[in-house]
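To keep things clear, I will list the structure first and then write my remarks on it.
The values are calculated or read from the model by the stated rules, or taken from the named source; none is laboratory data. This is a predicted model, so every value here is computed, not measured. We place every Cβ from the backbone using ideal geometry, glycine too, and count neighbours over all the protein chains shown.
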Amino acid sequence: MSDGERKGRFTIPHEELMYPGHSACPGCGEPIAMRMLLKALGPRTVINIPAGCCAVIPGVWPRYSLRVPMIDHAFECTGATSSGIRAALDVKGLDDVTVVGWAGDGGTVDIGLQSLSGAVDRGTDFLYVMYDNEAYMNTGVQCSGATPCGAWTTTTPAGKEMACRRGKKRILEMMVENGIVYGATANIAYPEDLIERVRTAKSIRGPKFLHILSPCPSGWRMDPSKTIEAASLATRTGMFPLYEYRDGQYRFTKEIKNLKPVEHYLRLQGRFKHLTPAQVAEIQDLIVGELEVLKAKVEAGRK
Ligand SMILES: Cc1ncc(C[n+]2csc(CCOP(=O)(O)OP(=O)(O)O)c2C)c(N)n1
Ligand SMILES: [Mg+2]
């Protein structure tokens, strides 16, 4: 902890465990999320990363921008690798080291789902982080189970009908049903909140799951300077609500009052530019419906 932090001047730790010089595209949300995660966890951390942009962003050998060890592995096995690392650390008596499985949305909600589910089932003490850029970006923007309704991708082309018509896979709720001890959504536009969620996760033993929204300017077809604005609008329009699950209860970590119309979020990004006013209204209805479901869960926990 720095002097500034001790005096309460900074809520974001000064310590840097991710250096500049990584290979992310301009405006990419992933290194911001990674930087904040490492600030919250500190150096006693091991990260395992599957295929995806995240595998190359830290650097290609001999360059490396993280100050913690990272293990690179196949696309579909983040959960299994985390369980293996945890077991090895436990044998060595290193129970103060946090294990983080860090994967993209495609590597989590689709291809790594069985492996993640197995690790939760085994009760592995680890933090799984899904940074969500809402498509398979590293291979050229294909639709994943986390791509939002109406978004253009190369496999959901723009046309008269919306090729992607459903809501995002509710991965956090799926993991809750699977048996995680803590789960939360977070957003790079709210770094202090993100850090608080990571610290909470670190303080609890068992399988934890964090879902971080991480805009991708190239895939979202927007200017790299718009990353934080887009991320912030995602939460302020209700597209990406911030909430957590702990001890059997859901709770909003950012109140969802006075939501802006979703159009503000959609119009910022080229991936939604083909949408007609009727389709925008359809997406608005979908979001309102999903928020009602979430509110009911939060209310049920309060009773
Ligand atoms: C088994 C397997 N299938 C496909 C691939 C090709 N592949 C590498 S990265 C990637 C996209 C990853 O998408 P996501 O997990 O969302 O991360 P992002 O690239 O968006 O950061 C794909 C399909 C692979 N490496 N291994
Ligand atoms: Mg992705």
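Things to note:
- Condition check for Arg236: exposed (fewer than 15 other Cβ atoms within 10 Å of the Cβ) and either of a type in the set (Asp, Glu) or within 19 Å of Thr147 (Cα to Cα) (or both): no
- Of the residues Met175, Met130, the single one that is away from ligand 2 (no atom under 16 Å from the Cβ) and within 22 Å of Glu290 (Cβ to Cβ) is Met175.
- Residues of segment 181-226 satisfying the condition of being within 12 Å of the chain's Cα centre (by Cα) and among the aromatic types (Phe, Trp, Tyr): Phe209
- Among the residues of segment 251-271, the ones that are in contact (Cβ under 8 Å) with a residue 60 or more places away in the chain and of a type in the set (Ser, Thr, Tyr) come to 1 in all.
- Residues located in segment 117-131, provided they are more than 8 Å from ligand 1 (Cβ to nearest atom) and either under 14 Å from the mean Cα position of the chain (by Cα) or of a type in the set (S, T, N, Q) (or both): Ser117, Thr124, Leu127, Tyr128, Val129, Met130
- Listed conditions (1) touching a Lys or Arg at 6+ places or on another chain (Cβ under 8 Å); (2) crowded, with 22+ Cβ neighbours inside 10 Å are all met by Arg221, apart from (2).
- The residues listed here are Thr78, Thr155, Thr124, Thr98; of these, the one that is among the polar types (S, T, N, Q) and closer than 30 Å to Leu266 by Cβ is Thr155.
- Verdict on Ala40 being under 22 Å from Pro191 (Cβ atoms), within 16 Å of ligand 2 (Cβ to nearest atom) and of a type outside the set (D, E, K, R): no
- Those residues of segment 86-115 which are hydrophobic (A, V, I, L, M, F, W, C), outside any strand (DSSP E or B) and within 12 Å of ligand 1 (Cβ to nearest atom), in sequence order: Val109, Ile111, Leu113
- Residue under evaluation Cys54, criteria (1) within 19 Å of Leu116 (Cα to Cα); (2) of a type outside the set (Gly, Ala, Ser); (3) away from ligand 2 (no atom under 16 Å from the Cβ), criterion not met: (3)
- The one condition in (1) of a type in the set (S, T, N, Q); (2) touching a residue at least 60 places away in the same chain (Cβ under 8 Å); (3) within 16 Å of ligand 2 (Cβ to nearest atom) that Gln142 fails to fulfil: (2)
- Annotation note: of Gly104, Gly118, Gly59, the sole residue that is touching a residue at least 24 places away in the same chain (Cβ under 8 Å) and either surrounded by 22 or more Cβ atoms within 10 Å (Cβ to Cβ) or within 16 Å of ligand 2 (Cβ to nearest atom) (or both) is Gly104.
- Index of the failed condition, Pro58 passing every other in (1) more than 15 Å from the chain's Cα centre (by Cα); (2) at pLDDT 95 or above: (2)
- Condition check for Thr156: free of Cβ contacts under 8 Å to residues at least 40 places away in the same chain, within 16 Å of ligand 2 (Cβ to nearest atom), buried (at least 20 other Cβ atoms within 10 Å of the Cβ) and under 21 Å from Met239 (Cβ atoms): yes
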